[in-house]
Amino acid sequence: MMKKNEKTIQKKEKKQFNIYKLFTVLLAAILLVIIGIMLRNWIVERNAEKQYEDLAESVNRLQNQDSDNAITSAGDQQDASIEEMETETEDTPEESDSAIAGVDIPQKQLDWNELAKVNPDIYAWICIPGTQVDYPMLQHPTDNTYYLNYNMNGTRGYPGCIYTEKENNKDFTDFNTVVYGHNMRNKTMFETLHYYEDKAFFVNNPYVYVYRGDRVLVYEIFAAYTAGNEHILHSYDFQTQDGRQNYVNQIEKGTSGNQRNDVEVTADSHILTLSTCISGKAKNRYLVQAVLLNEDDL
């Protein structure tokens, strides 16, 4: 009887050991899978960031050169425009002031043919001095969420891209062009838009530059604030004068955060809205909004 009980106990112990062993193996396998996924995501993110870094380095090679050697692609045409406007100053002084407004435009060496080889959906470049925002802008022809989830090189994952949706024209002629970017923890993409939460930074860094084709669009920031997560292009009437004016009034009267009352924004303006997430607030977005100064360059 004793031997039978001992055998029974041994069988139970062996069975328990096998179950424990199986559980340990499964746990180790799961842990390896998790580590593999994390490693894959890190590699994808790092490769995407490296591609952005290389592009930014290539387009910013002229920044430390003499201004006479100047801005290629976008910049040369801008210099020509400045000279033309200077010759017209006596006849159209207001137009000259509004076109450039004394703003020093950062130099870029943008080769649009080469950028198209990197990704044919690249159609502009955005730069905000004082922040880390210095990126190509993309728009997928059919899928509005594609560049939320995919990188320039086609890999799925972070950091994604700076992008607009197909509801916006790529020539920036819409009343409100909405640009999206992830709020990355390492201060890439649109994370540094949150710098505008600081009043002093908001006042001292007022310009956004968008390079496209042969020109540079200069925007002046007039508001930076926390908003809801509604889809802006679907939630407001931008097709009518009254609808656009109501939107402008809502920004002026209904938003907290930082605003400038000395920047004119009307229903006929062209607004650039930069949108990113807020950590811990899934139902909110942080918006930085700017108005186009050189309207004649559209």
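The values are calculated or read from the model by the stated rules, or taken from the named source; none is laboratory data. Values in this document were obtained by computation on a predicted structure and should not be read as measured data. Methodologically, a virtual Cβ is constructed for each residue, glycine included, from the backbone with ideal geometry; neighbour enumeration extends over all protein chains shown. Just the protein is used for accessible areas: all its heavy atoms, side chains included, with ligands, DNA and RNA removed. Shrake-Rupley method; radii C 1.70, N 1.55, O 1.52, S 1.80 Å.
For residues that are small (Gly, Ala, Ser) and part of a loop (DSSP other than H, G, I, E, B), scanning just segment 242-264, find the one that is nearest to residue 201 (Cα to Cα). The selected residue is 257.
Consider segment 37-67 and keep the residues that are modelled with pLDDT under 70 and either part of a helix (DSSP H, G or I) or β-branched (Val, Ile, Thr) (or both). The one that is least open to solvent (accessible area, probe 1.4 Å) is 44. The residue that is least open to solvent (accessible area, probe 1.4 Å), among those in segment 217-245 that are of a type outside the set (Ser, Thr, Tyr), without any contact (Cβ under 8 Å) to a residue 40 or more places away in the chain and within 26 Å of residue 294 (Cβ to Cβ), is 243. Do we find that residue 252 is open to solvent by 80 Å² or more (accessible area, probe 1.4 Å), at pLDDT 95 or above and over 25 Å from residue 158 (Cβ atoms) in this structure? Here the answer is no, as residue 252 does not meet what is asked. Taking the criterion of being open to solvent by 60 Å² or more (accessible area, probe 1.4 Å) and in contact with a Lys or Arg (Cβ under 7 Å, 6 or more places away or on another chain), no residue of segment 276-297 qualifies.
Pairs meeting the criteria (first residue in segment 265-290 and within 18 Å of residue 203 (Cα to Cα), second residue in a strand (DSSP E or B) and open to solvent by 50 Å² or more (accessible area, probe 1.4 Å), beta carbons under 8 Å, at least 6 apart or on different chains) are 286/226; 286/277; 287/226; 290/207. Under the condition of being over 20 Å from the mean Cα position of the chain (by Cα) and open to solvent by less than 50 Å² (accessible area, probe 1.4 Å), the residues counted in segment 261-275 number 5.
Report the residue count in segment 119-170 for those that are touching a residue at least 24 places away in the same chain (Cβ under 8 Å) and open to solvent by less than 50 Å² (accessible area, probe 1.4 Å). Of the residues in that region, 32 qualify. Based on what the data block shows, is residue 192 touching a residue at least 12 places away in the same chain (Cβ under 8 Å) and open to solvent by 30 Å² or more (accessible area, probe 1.4 Å)? Judged against the criteria, residue 192 is not a match.
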